[in-house]
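What follows is a set of notes on a single structure, which appears directly below.
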Amino acid sequence: MKLHKPSGTAPFSFGFARATYALALQLKETGALAYDPERDIVMVAAAIDAMGSASGPSLQEKTGLPPSRLNNAVAYLDDQGVATVHGA
């Protein structure tokens, strides 16, 4: 899980936790997922290789993955140094 710092002013503070690819990879081992996150990673890497470079929408179109699974695969590739992610 990735924790994002709360923001706001008292008495209202907002923060949230977001699942990361590491959680998906751990859940795969338990059989709790209906998909294979490692397959997503390979599919995204192959799509990027085929296209040379890709935007989020073009990767989503090419792979057919929903944004959350696509983001996890891209984050994994970025963390492993396989791809460089440029975000705004």
**Item:** Search result, residues across the stretch 3-29 that are open to solvent by less than 60 Å² (accessible area, probe 1.4 Å) and among the aromatic types (Phe, Trp, Tyr)
**Value:** Tyr21
**Request:** Search the stretch 23-45 for residues that are farther than 16 Å from Gln80 by Cβ and pair each with any residue that is assigned to a loop (DSSP other than H, G, I, E, B) when their beta-carbon atoms are under 7 Å apart and the residues are at least 6 apart or on different chains.
**Result:** Leu23/Met1; Leu27/Leu33; Lys28/Asp36
**Asked** Which residues, counting only those in the stretch 44-75, are within 13 Å of the chain's Cα centre (by Cα) and open to solvent by less than 60 Å² (accessible area, probe 1.4 Å)?
**Response** Val44, Ala45, Gly56, Leu59, Leu65, Pro66, Arg69, Leu70, Asn72, Ala73, Val74, Ala75
**Asked** For the stretch 46-70, how many residues meet the condition of being small (Gly, Ala, Ser) and over 16 Å from Ala83 (Cα atoms)?
**Response** 2
**Request:** Residues that are polar (S, T, N, Q): find the helices (runs of 4 or more DSSP H) completely inside the stretch 23-81 holding 1 or more of those.
**Result:** 56-63, 67-79
**Prompt:** Does the stretch 64-71 contain at least one residue that is more than 15 Å from Tyr21 (Cα to Cα) and not polar (S, T, N, Q)?
**Reply:** yes
**Prompt:** Looking at this structure, is Thr20 in contact with a Leu (Cβ under 9 Å, 6 or more places away or on another chain) and among the β-branched types (Val, Ile, Thr)?
**Reply:** no
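The values are calculated or read from the model by the stated rules, or taken from the named source; none is laboratory data. Fair warning: this is a prediction, and the values are worked out from it, not measured in the lab. Using ideal geometry, Cβ is built from the backbone for each residue, glycine included, and neighbour counts are taken over all protein chains shown. Just so you know, the surface numbers come from the protein's heavy atoms only, side chains and all, with ligands and any DNA or RNA stripped out. Shrake-Rupley method; radii C 1.70, N 1.55, O 1.52, S 1.80 Å.
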